[in-house]
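A.B. asks: Okay, handing you the structure first.
Taken together, the values in this text are just the output of simple stated rules run on the coordinates, not laboratory data. These figures come from a predicted structure and were not determined experimentally. Here Cβ is always computed from backbone atoms with ideal geometry, including for glycine, and neighbour counts include all displayed protein chains.
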Amino acid sequence: MDECTVAIRLMKADDFAAVVAIDEKVLKTSRQEYYRIKFDKIFDSSVYLPVSLVAEIEEGTVVGFVMGELYMGEYGIYQEEATMDTIGVDPDWRHKGIGKQLMDAFVEHLKQLGVQRVNTLVGWNDPELIQFFSANQFSPSTTINLERSL
């Protein structure tokens, strides 16, 4: 793996198009409405603290992102847990350490906010993503998510 140095910064509303484009490249389908809702929640809500980050290379080109939430609970008291719900690295920039740099910066940012645990969900049939999270010190939780198809 060739390590690539990128600048990691807080996500801005202007990053919307880049995030949607990266996600579409990865999943080969557009989830623009999903991201519109997420960006509205992140940038138009006083209930959530900014915890989403982007990785950019020269000239401000966004090549990756990580999105999560830290709910400012009852009476303005922060919860000790955050969620990491979306991560993406442009396929042209994979295997250069960008995902790890994003994850490290995300975790460090959360630590500075007093967070002690990060939760995420991964599909059982996605070994590449499971391996990524395992390599980034995530482990199975002690709770089991059960579902029932209808």
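A.B. asks: Please arrange 139, 52 by counting, for each residue, the other beta carbons lying within 10 Å of its beta carbon, fewest first.
C.D. replies: Details: 139 7, 52 25.
Ascending number of Cβ neighbours within 10 Å: 139, 52.
A.B. asks: Out of all DSSP beta bridges in segment 7-135, what portion is antiparallel? Express it as a percent rounded to 5.
C.D. replies: Working: 17 of 20 bridges.
Bridges in segment 7-135 that DSSP calls antiparallel: roughly 85 percent.
A.B. asks: State which helices in the chain qualify, where a helix is a whole DSSP H run, it must extend 27 Å or more along its own axis by its Cα atoms, and its mean Kyte-Doolittle hydropathy must be at least -0.5.
C.D. replies: On the way: long enough: none.
Both cut-offs are met by no helix.
A.B. asks: Oh, and also: Taking the Cα of residue 21, stepping 7 Å toward and past its beta carbon, and measuring to each backbone N in segment 32-72: which are under 11 Å?
C.D. replies: Once the point is set 7 Å along Cα→Cβ of residue 21, 61-63 turn out to lie under 11 Å by backbone N, inside segment 32-72.
A.B. asks: Here's a follow-up. Given the convex hull of the Cα atoms of segment 7-135, what is a quarter of its surface area in nm²? Please report the intermediate quantities before stating the final value.
C.D. replies: On the way: hull surface 32.8 nm².
Projected area, direction-averaged: 8.2 nm².
A.B. asks: Test of understanding: in a Gaussian network model of the chain with alpha carbons linked when under 10 Å, which of 96, 28, 12 would top the mean-square fluctuation ranking?
C.D. replies: Largest GNM mean-square fluctuation: 28.
A.B. asks: Along the charge dipole of the chain, which of 113, 62, 137 sits closest to the positive end, that is, farthest toward it, with unit charges on the beta carbon of Lys, Arg, Asp and Glu (+1, +1, -1, -1)?
C.D. replies: Of the options given, the answer is 137.
A.B. asks: Would you pull out the residues with amide H under 5 Å of residue 85's amide H, same chain only if 5 or more places away, H placed 1.01 Å from N?
C.D. replies: The answer is 67, 68, 69.
A.B. asks: Evaluate the relative contact order of the chain (contact order divided by residue number), counting alpha-carbon pairs under 8 angstrom at least 6 apart; express in whole percent. Let's see the in-between values first.
C.D. replies: Working: 210 pairs, mean separation 34.1, N = 150.
Once divided by the residue count of the chain, the mean separation gives 23 percent.
A.B. asks: Once you have the Cα-Cα distance between residue 120 and residue 14, take 0.36 nm times their residue separation minus that, and quote the gain in nm to one decimal.
C.D. replies: Stretched fully, the residue 120-residue 14 segment lengthens by 35.6 nm.
A.B. asks: Once fully extended, how much extra length lies between residue 112 and residue 95, figured as 0.36 nm per residue of separation less the alpha-carbon to alpha-carbon distance?
C.D. replies: On the way: separation 17, 0.36 × 17 = 6.12 nm, distance 2.77 nm.
Full extension from residue 112 to residue 95 adds 3.4 nm.
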